[in-house]
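Remarks on the structure that follows.
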Amino acid sequence: MPDTPFIDDGSNVPLSELRWPDDDLTRIPDWIYTSDEVFQRERERIFFGESWCFVALEAEIPEPGSFKRSYVGDVPVIVTRDEDGDIHVFENRCAHRGAEFCRALRGKAENFTCPYHQWMYDLKGKLMAVPFRRGDHGEGGMPKDFKLEDHNPKSLNVTTRHGVVFASFSESVESLEEYLGPENLEQFDVVFKGRKLKILGFYKNRLQGNWKLYHENLKDPYHATLLHVYLATFRLMVAGQKSAMICDESGRHSTMASAKDDNIEIGEETASQMKSAFREGMELNDPDFLNYVQEFDSPWTVTMQIIWPNLVVQRELNTLGIRHIVPRGPHALDMYWTMFGYEDDTPELERQRMKQGNLMGPSGYLGVDDNEAIKYLQDGFKHSHSQEGIVKLEPEKEGSTETLISEASVRALYRHYRQVMDI
Amino acid sequence: MASTHPAGTNLSPEEARALRFEIEEFNTEYARILDEQDIDFWPDFFTADGFYRVTAKENHDEGLPVGLVWCDGRPMMQDRAAAVKTTMVHAPRYLRHYNSNVRVTGVDTDGTIHSESNYLVIETLMEQESRIFQAGLYIDQFVREDGVLRLKARDCIYDSLLIPNDMVYPV
């Protein structure tokens with residue numbers, strides 16, 4: 001049942017009537033988060049357009065025959081490794097009647113058979129067999145001109161970098177390296193280059209908000225110092241410490257970076273600006289919890305990278321993870337988490353990753369705050385008179401910045417978004 | 001039943017029944033504390049070196065170590081309790097915990113009691129209908145301290161893979 005009966009939640013706003021307020025990037029209209037037509041255009045132009053979408057880590061499909069169910073946008077796909085070790089991504093939809101035939105989360109297979117009429121596909125996603133294709137005793141069967149090769153599930157363009165697999169519905173999309181841009185490629189490589197990943201586990205949650213709110217959240221360092229009481233209280237992120245928002249030229253990707261400073265003084269003025277977001281004198285019973293094991297060639301102890309349109313790479317101290325965004329209409333998104341370490345981790349380092357895992361995820365000390373805030377936002381868009389929000393901090397900039405008190409990279413994202421969406 | 005021992009245990013049916021009743025009493029009190037959101041008391045159900053994890057069934061089945069909540073030792077649990085109470089921002093909610101099907105699966109020579117039981121959590125947000133928040137299995141190890149049962153380990157294995165929004169309180 002809908003959770004807001006009798007209330008217009010903005011889903012029916014027609015695209016043709018929508019105008020961005022005064023062409024002003026400091027104002028974001030509610031309808032981009034609520035309209036079904038906007039969401040349909042986002043699927044076509046962003047998720048099925050000139051984008052590279054995350055689909056898997058190679059460590060999830062380590063051997064020939066390994067497969068994983070995944071999504072590009074909200075479209076179910078299968079990611080496989082074939083007999084030669086090559087990776088394929090194709091739609092999880094039988095070419096016959098459209099059944100989503102692969103139901104296992106992941107596993108090993110020699111081929112895939114749709115249970116409805118036993119149409120069989122190989123690991124490359126090619127249709128191999130159709131039962132009773134020639135009929136039975138001369139009766140029935142497919143027309144004579146029926147060719148198996150004309151009925152493959154839609155196959156996607158695939159690329160990998162240091163064990164991370166991306167797919168695209170576009171054949172003309174630029175290379176992944178060009179797509180990411182040099183600044184975000186560098187941050188990506190800090191996590192993935194040169195070390196083999198080890199999968200440590202999975203979780204999933206459904207957030208009650210529009211998928212773009214997750215992007216905004218990670219392009220909004222202002223909230224980090226205010227919403228996340230834990231960050232300030234334990235000096236993980238405080239106004240005044242060394243930090244950066246690293247954007248690409250297009251404005252779509254970004255990395256929020258900060259360097260933990262155990263000795264940072266929180267002066268009276270900062271503490272008073274933070275209001276209730278700072279708990280003076282709170283101490284950890286387990287003081288080792290926030291210890292950072294230096295393992296990366298980077299000045300940053302935390303980088304939260306968001307790669308348009310569906311990937312977050314989390315490096316929060318020593319807890320590492322992928323967040324795969326699956327949009328579920330305008331009002332919800334699913335977050336698929338894959339937590340990982342490296343094959344050469346010591347047991348102590350793996351243990352530290354497990355401990356610090358409490359910071360993030362659906363029950364994380366920081367994760368819960370964001371999930372709740374995103375729901376609060378969507379509730380506001382759905383339940384109130386449709387209006388607009390403002391993103392005016394640090395007005396002289398758009399994109400990269402070095403202060404936490406900025407919304408410059410949110411504006412950069414929406415310049416890109418408006419161009420792609422033509423709104 | 002023909003066997004003198006319940007399936008998979010080294011206990012007589014009478015011993016298993018007595019333990020089961022004791023564990024049910026323990027879980028009833030554990031659920032009451034969580035229902036009332038008296039989170040400060042939650043770490044006291046564990047030994048000082050107790051282990052607590054909440055993880056998806058898919059991780060348990062594949063032997064993967066992560067937990068939504070992963071606490072090794074009571075100090076980590078106290079830090080989680082303090083975070084829930086003091087720093088984590090969340091909308092108010094009611095929670096109702098149900099526990100059933102306690103099975104004592106064995107007792108080690110050092111007295112550690114192994115048991116399993118099903119759990120169910122119903123969550124009610126102020127503006128929404130009540131919903132099943134999580135269905136899962138507790139895999140427990142109990143020890144006795146001064147005659148009182150405490151958890152040496154509680155592994156909460158949830159079936160409900162897609163978590164609705166977030167999980168604020170432990171289960």
What FRET efficiency comes out for the pair A:Ser298/A:Arg19, r = Cβ-Cβ distance, R0 = 51 Å, nearest 0.05? 0.75
Take the Cα of A:Asp189, step 7 Å along the line toward its Cβ, and report every residue of region A:291-307 whose backbone nitrogen sits under 17 Å from that point. A:296-300
With label points built 7 Å along Cα→Cβ from the Cα atoms of A:Thr270 and A:Glu348, find their separation and express it in nm. 3.0 nm
Volume per residue, Å³, of the convex hull around the alpha-carbon atoms of the protein assembly as shown? 201 Å³
For chain B, averaging the sequence separation of alpha carbon pairs under 8 Å that lie six or more residues apart and dividing by its residue count, the contact order in percent is 24 percent
Test of understanding: in a Gaussian network model of chain B with alpha carbons linked when under 10 Å, which of B:Ala91, B:Ala31, B:Ala16 would top the mean-square fluctuation ranking? B:Ala91
Which whole-Hz couplings ³J(HN,Hα) result when phi for each residue of region A:386-394 is put into the Karplus expression 6.51 cos²θ - 1.76 cosθ + 1.60, θ = phi - 60°, listed in order with x for Gly and Pro? 4, 9, 8, x, 10, 10, 10, 5, 6
Take the alpha carbon gyration tensor of region A:367-423, find the square roots of its eigenvalues, order them as a ≥ b ≥ c, and report rounded if a/c is under 1.5; if not, report prolate when a/b exceeds b/c, else oblate. oblate
Using a 1.4 Å probe and ignoring any ligands, DNA or RNA, find the accessible area of B:Leu120 and quote it in Å² to the nearest 10. 60 Å²
Place a point 7 Å from the Cα of A:Lys147 in the direction of its beta carbon; the residues of region A:79-95 whose amide N falls under 20 Å from it are A:95
Reachable lysines, given that their alpha-carbon falls under 25 Å from the alpha-carbon of A:Lys375 and they are not under 8 places away in the same chain: A:Lys204, A:Lys212, A:Lys219, A:Lys275, A:Lys392, B:Lys85
For chain A, give me every cysteine whose Cβ has no other Cys Cβ within less than 4.7 Å, ordered by residue number. A:Cys53, A:Cys102, A:Cys247
Could you work out, residue by residue across A:349-362, how many beta carbons of other chains sit within 10 Å of that residue's beta carbon, and then give the average as an integer? 4
Amide H partners (placed H, <5 Å) of B:Ala153, local residues excluded: B:Phe51, B:Gln141
Which whole number gives the average count of other chain Cβ atoms within 10 Å of the Cβ atoms across peptide B:86-98? 4
Check cross-link reach from A:Lys144 to the aspartates and glutamates: straight Cα distance under 20 Å, and skip same-chain residues fewer than eight apart. A:Asp136
Inter-probe distance in nm under a simple model that places probes 7 Å from Cα toward Cβ, at A:Ala99 and A:Met282: 5.2 nm
Could you work out the pair-distance distribution P(r) of region A:229-328 from its alpha-carbon pairs, with 5 angstrom bin width and percents rounded to whole numbers? 2, 11, 18, 20, 18, 15, 10, 4, 1
Given a Förster distance of 35 Å, report the FRET efficiency between B:Glu29 and B:Thr109 from their Cβ-Cβ distance, rounded to the nearest 0.05. 0.80
DSSP bridge pairs, the protein assembly as shown: antiparallel proportion in percent, nearest 5: 90 percent
In order over region A:232-246: 3J(HN,Hα) from phi, Karplus 6.51/-1.76/1.60, θ = phi - 60°, whole Hz, x for each Gly or Pro, gives 6, 4, 9, 6, 7, 7, 9, 3, x, 7, 5, 7, 7, 10, 9
What is the percent carbon and sulfur in the accessible area of the protein assembly as shown, measuring with a 1.4 Å probe over the protein chains and ignoring ligands? 49 percent
Where in region A:185-219 is the amide nitrogen less than 20 Å from a point lying 7 Å along the Cα-to-Cβ axis of A:Glu50? A:185
Quick one: Karplus J couplings for region B:28-44, per residue in order, coefficients 6.51, -1.76, 1.60, θ = phi - 60°, nearest Hz, x for Gly and Pro? 5, 5, 4, 5, 4, 4, 6, 4, 7, 6, 7, 4, 4, 7, 4, x, 5
Surface/4 of the Cα convex hull for chain B, nm²: 10.9 nm²
Taking A:Lys196 as the anchor, which aspartates and glutamates have their alpha carbon closer than 13 Å to its alpha carbon, excluding any fewer than eight residues away along the same chain? A:Glu58, A:Glu60, A:Glu343, A:Asp344, A:Asp345
Would you pull out the residues with amide H under 5 Å of A:Met128's amide H, same chain only if 5 or more places away, H placed 1.01 Å from N? A:Met120, A:Tyr121, A:Asp122
Average other protein chain Cβ within 10 Å of Cβ, residues A:197-207: 6
So what's the gap between the Cα centers of region A:163-239 and region B:137-171, to the nearest angstrom? 31 Å
Tell me the label-point distance for the pair B:Asp49, B:Gln37, using the 7 Å Cα-to-Cβ offset, in nm and rounded to one decimal. 3.6 nm
Rounded, prolate or oblate for region A:182-421? Axes are the square roots of the Cα gyration tensor eigenvalues, ordered a ≥ b ≥ c, and the cut-off for rounded is a/c under 1.5. rounded
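The values are calculated or read from the model by the stated rules, or taken from the named source; none is laboratory data. Quick caveat, the model's predicted, so the values are computed rather than measured. Note that each Cβ is placed from the backbone with ideal geometry, even for glycine, and that neighbours are counted across all protein chains shown. The accessibility values were calculated without ligands, DNA or RNA, using every heavy atom of the protein model including side chains. Shrake-Rupley method; radii C 1.70, N 1.55, O 1.52, S 1.80 Å.
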